[in-house]
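Written below as structure tokens is the structure these notes are about.
The values are calculated or read from the model by the stated rules, or taken from the named source; none is laboratory data. Because the structure is predicted, anything quoted here is derived from the model rather than measured. Ideal geometry is used to build each Cβ from the backbone, glycine not excepted, and the neighbour counts take in all protein chains shown.
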Amino acid sequence: MMHIFLQNLKWIGEHGVTEPEKNWGTTFIINATLQIEEKSRYDDLDQTADYQSVHEIIKREFSIRESLLENLVSRIYDRLVESFPSILHVDISIAKEDPPIKGFSGRVGVHLKKAVR
């Protein structure tokens, strides 16, 4: 199996339902692994998922505010699958660092693992 991955993408975003999340933002960490069609040789970027383009798609979708991370991760999945026909399986996690939960320290988030075909 061939995988393309981007790990520990870190941005400040205003995703969430509480006022602090909407007004001041929170730090998010995104990890994405894309399984692509395996070939004996890859001659150009059209045969794979160009990680620079994958990064731009994730960054662009992340910039659109969402109340729920479930919607954000689904939108990222949709854009990646639309953009790269070679993708067979997508694994994306979005973690929110130090969410505004009283007495909580750590991360919360969503994780989507989904086959394309």
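State all residues of the range 20-79 that are among the small types (Gly, Ala, Ser), surrounded by 14 or more Cβ atoms within 10 Å (Cβ to Cβ) and farther than 19 Å from residue 10 by Cα; if no residue qualifies, say none. Across the range 20-79, the qualifying residue is only 49.
Out of contact with any strand residue (DSSP E or B) (no Cβ under 7 Å at 6 or more places or on another chain) and either of a type outside the set (Lys, Arg) or free of Cβ contacts under 8 Å to residues at least 12 places away in the same chain (or both): is that true of residue 53 in this structure?
So residue 53 passes the test.
Among what's in the range 82-115 and is among the β-branched types (Val, Ile, Thr) and crowded, with 16+ Cβ neighbours inside 10 Å, pick the residue that is modelled with the lowest pLDDT. Explain how you work it out, then say what you get.
Here is the first cut: in the range 82-115, the residues among the β-branched types (Val, Ile, Thr) are 87, 90, 92, 94, 101, 108, 110.
From the residues that got through so far, the ones that are crowded, with 16+ Cβ neighbours inside 10 Å too are 87, 90, 92, 94, 110.
Values: 87: 94, 90: 97, 92: 98, 94: 98, 110: 98.
Taking the candidates together, the pick is 87.
Of the numbered criteria (1) in contact with a Phe, Trp or Tyr (Cβ under 8 Å, 6 or more places away or on another chain); (2) farther than 18 Å from residue 89 by Cβ; (3) surrounded by 13 or more Cβ atoms within 10 Å (Cβ to Cβ), the one residue 4 fails is (2). Got at least one residue in the range 50-60 being of a type outside the set (Ser, Thr, Tyr), in contact with a Gly (Cβ under 8 Å, 6 or more places away or on another chain), at pLDDT 95 or above and within 16 Å of residue 33 (Cβ to Cβ)? No, there is no match, as no residue in the range 50-60 is of a type outside the set (Ser, Thr, Tyr), in contact with a Gly (Cβ under 8 Å, 6 or more places away or on another chain), at pLDDT 95 or above and within 16 Å of residue 33 (Cβ to Cβ).
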